[in-house]
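What follows is calculated from the coordinates using simple rules that are stated; it is not laboratory data. Keep in mind that this is a model prediction, so the values were computed, not measured. Using ideal geometry, Cβ is built from the backbone for each residue, glycine included, and neighbour counts are taken over all protein chains shown.
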Amino acid sequence: MEFRISRIAPRAKVLVTGLPDMGNVAGISMEVLVRSCNLEEFASALGDWPPFVTHTGSMIRFERGWYRFYGSDAHDFVALTGSYQPPESNALYELCNAVLDLAQSIGVETVISLGAAHFGEGFIENPRVFFAATSERMAEKARLHGALPLPDEGYITGYNGLIHGLAMERGMEGLCLLGEIGNPRVRQPAAAKAVLQVLSSMLNVSIDYTDLDREIEQMRAMRALRRWRRDQPPGVM
């Protein structure tokens, strides 16, 4: 895989990255970050997915998976996101190495990935943000900005974890920020907002939460309506 440069890439010390994951926490967070910071695309690549086409009636449709770098001369970080995570190990390694190759070429020394931490299945009103770091310096920085260390031992799977293993091999520092979620099969805007609050504090940038707050309130209203309907005696509705 090779990224195609579409304009002069900005110099940056930090890469913020995330691909769609549980509850799409990373996908939501990256979309809001790019929009709020007015980041512009400067490089892109296409993936080898999906291995099928879709059709609507008799019309065939096809969209290749994509990955895009965004940046701005106004910020000392760049962002990388995309439309999917490769399920195959070799494709995942290829993607991570291609991302790190370009990131290092523009001066990146630190990688911050965004994702989700799955705890139970219930609704979480005020999601916490957990972290895992590749150095004590990054761990202390995460603590200072309100994140909690991941408990126990375990795995950080997929792109949002592997990127740090390969970055460590290159001598780069890394931090993984994970928003707490319940049901991983539904969108988790509250967890995405919690992650962005920690990230924006670390990067000293302003984030527009208007759309996220609207979605969070809509989901709360829908849950309240379902509870009300569930509590009604038979025959009332």
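Close amide H pairs (under 5 Å, H built 1.01 Å from N) link Ser113 with Thr17, Leu175, Cys176, Leu177, residues at least 5 positions away or on another chain.
Over all alpha-carbon pairs of the stretch 150-195, lay out the pair-distance distribution in 5 Å bins, whole %, shortest bin first. In whole percents, the pair-distance histogram is 5, 17, 20, 25, 19, 9, 5, 0.
In the list [x] 18.9; [y] 17.5; [z] 20.1, the label attached to Kirkwood radius over Cα pairs in Å as derived from the coordinates here is [x].
On full extension, the segment bounded by Tyr155 and Glu140 gains 3.3 nm, given 0.36 nm per residue less the C-alpha separation. Taking every DSSP bridge with both residues inside the stretch 4-209, close to 50 percent are antiparallel. Taking every C-alpha pair closer than 8 Å and separated by at least 6 residues, the mean separation divided by the residue count of the stretch 1-107 gives a relative contact order of 36 percent.
For the stretch 116-179, report the % of Cα-Cα distances exceeding 16 Å. Display every interim value, and only then the final one.
Details: 982 of 2016 pairs.
Looking at the stretch 116-179, the distances longer than 16 Å represent 49 percent of pairs.
Give the order of Ser201, Ser29, Ser206 when sorted by the count of other beta carbons within 10 angstrom, beginning with the fewest.
Ser206, Ser201, Ser29
Taking one quarter of the surface of the C-alpha convex hull of the stretch 101-214 gives a mean projected area of 8.0 nm².
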